[in-house]
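Derivation of every value follows stated rules applied to the coordinates shown; laboratory data play no part. Bear in mind that the values here come from a model prediction, so they are computed numbers and not experimental data. Don't worry about glycine lacking a Cβ; one is built from the backbone with ideal geometry, like all the others, and counts go over all protein chains shown.
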Amino acid sequence: MAAETASPLPSKITSIKTLAESPGLTSIPATHAFTPDLHGQVTSVPEGSIPVIDYSLLISGTPVQRSEIVHELGRACQDWGFFMVINHGVPQKLLSSILDGCRGFFDLEEEEKQEFKGNHVLDPIRSETSFNVSVEKAFYWRDFLKVFVHPVLYSPTKPAGLSEISLEYSQRVREPELAMGMPPHSDHGLLTLLIQNGIGGLQIQHKGKWFNVGTHSNSFLVNTGDHLEILSNGRYKSVLHRAMVNSKGTRMSIAMAHGPSLHSVVSPAPELLVSSEGDEPAAYIGMKYKDYLELQQSNKLDGKSCLDRVRISAV
């Protein structure tokens with residue numbers, strides 16, 4: 001697509017939904033265009049390559065099965081930083097309902113969504129576009145809604161029913177082309193659980209190559225985050241991933257990030273700094289989780305640039 005448009009578009013920064021539905025949009029506007037070389041070469045993941053973790057065996061399997069799954073989980077975090085969870089106990093109907101509820105929020109009028117616009121990265125409810133428009137030269141083809149769900153669930157009061165279905169979902173999960181949606185980045189927490197609406201676009205980096213991740217019904221996609229890499233002293237790498245835009249349909253995903261409390265200071269676990277080969281130096285400095293969040297989300301989203309700031313030496 002070219003980076004010009006045939007007719008005038010909204011002059012102020014507006015939501016992607018409004019921009020996409022603008023009658024003047026015939027191609028990706030220059031404000032949202034990225035150079036093609038940023039995409040890199042992408043390969044489809046061979047069938048069966050991404051690790052699959054059967055959650056039911058962790059909670060109800062035999063001791064041998066549980067031991068095997070724990071070891072598989074460790075290998076998945078170490079080799080991929082990404083895996084799929086099946087038999088997790090969350091009903092498909094509930095997964096569909098939370099996706100429908102979030103779609104209803106993004107379908108609200110702009111004025112209604114503005115009621116939930118945040119002013120700070122730690123606001124419990126934030127509805128915005130791109131990632132951080134105050135520092136970005138090109139904006140991402142992305143609208144988002146972020147809410148805190150623990151220890152208290154925060155949810156927009158519109159549309160009707162979203163708060164109730166969000167509460168049910170969060171409880172059940174805790175019990176068991178030139179436009180780019182999101183650039184290459186790692187997540188800040190320990191683990192992120194993701195569900196999608198069946199529209200592809202998620203890509204992960206594995207051994208220096210980008211791979212498309214297929215969509216599978218009634219499963220969670222899980223990726224490791226920066227603080228699991230810090231806690232494991234680099235044994236488990238946070239995975240670089242990105243979301244690409246397509247012209248076939250709107251991709252929607254719901255990510256639930258799991259991390260420490262805001263005031264926790266996370267550093268490499270002492271138990272992992274001792275091995276049969278001798279003491280291993282800590283590769284990361286400790287930082288309060290709240291400060292790490294503000295550092296990452298107050299700047300441009302750029303790979304692992306935030307993690308690099310707390311890295312003592314290459315791992």
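Amide H contacts for Phe82 (H built 1.01 Å from N in the peptide plane; partners 5 or more residues away or on another chain; cut-off under 5 Å): Thr224.
Remark: the range 218-233, residue by residue, has Karplus-estimated 3J(HN,Hα) of 6, 9, 9, 9, 10, 10, 7, x, 4, 6, 6, 5, 5, 4, 8, 6 Hz, where x stands for each Gly or Pro and the curve is 6.51 cos²θ - 1.76 cosθ + 1.60 at θ = phi - 60°. Taking each of Lys237/Lys290; Lys93/Lys209; Lys93/Lys158; Lys207/Lys304; Lys146/Lys209; Lys158/Lys288 in turn, the alpha-carbon distance tops 25 angstrom for Lys93/Lys209; Lys146/Lys209; Lys158/Lys288.
With a Förster radius of 30 Å applied to the C-beta separation of Ile125 and Glu68, the computed FRET efficiency comes to 0.15. Were the residues from Leu272 through Ser217 laid out at 0.36 nm apart, the gain over their Cα-Cα distance would be 16.1 nm.
The residues His216, His241, when put in order of fewest to most other Cβ atoms within 10 Å, stand as His216, His241. The calculated FRET efficiency for Arg174 paired with Asp279, based on their beta-carbon distance and R0 = 45 Å, is about 0.80. Shown in residue order for the range 105-114 are the 3J(HN,Hα) couplings computed by the Karplus curve 6.51 cos²θ - 1.76 cosθ + 1.60 at θ = phi - 60°: 5, 5, 7, 5, 5, 3, 4, 6, 5, 5 Hz (x for Gly and Pro). Summarising the amide proton neighbourhood of Trp210: residues at separation of 5 or more, or on other chains, whose placed amide H is nearer than 5 Å comprise Thr43. 3J(HN,Hα) along the range 184-200, derived from phi through the Karplus expression 6.51 cos²θ - 1.76 cosθ + 1.60 where θ = phi - 60°, amounts to x, 7, 10, 8, 7, x, 8, 9, 10, 9, 10, 10, 10, 9, x, 8, x Hz, with x in place of Gly and Pro. Placing pseudo-labels 7 Å out from each Cα toward the beta carbon at Ala160 and Ser49 gives an inter-label distance of 4.8 nm.
Put simply, the amide H of Met287, placed in the peptide plane, has neighbours under 5 Å in Val266, leaving out anything fewer than 5 places away on its chain. The label-point distance for Ala255 and Asp308, in a model that sets each label 7 Å from Cα toward Cβ, rounds to 1.9 nm.
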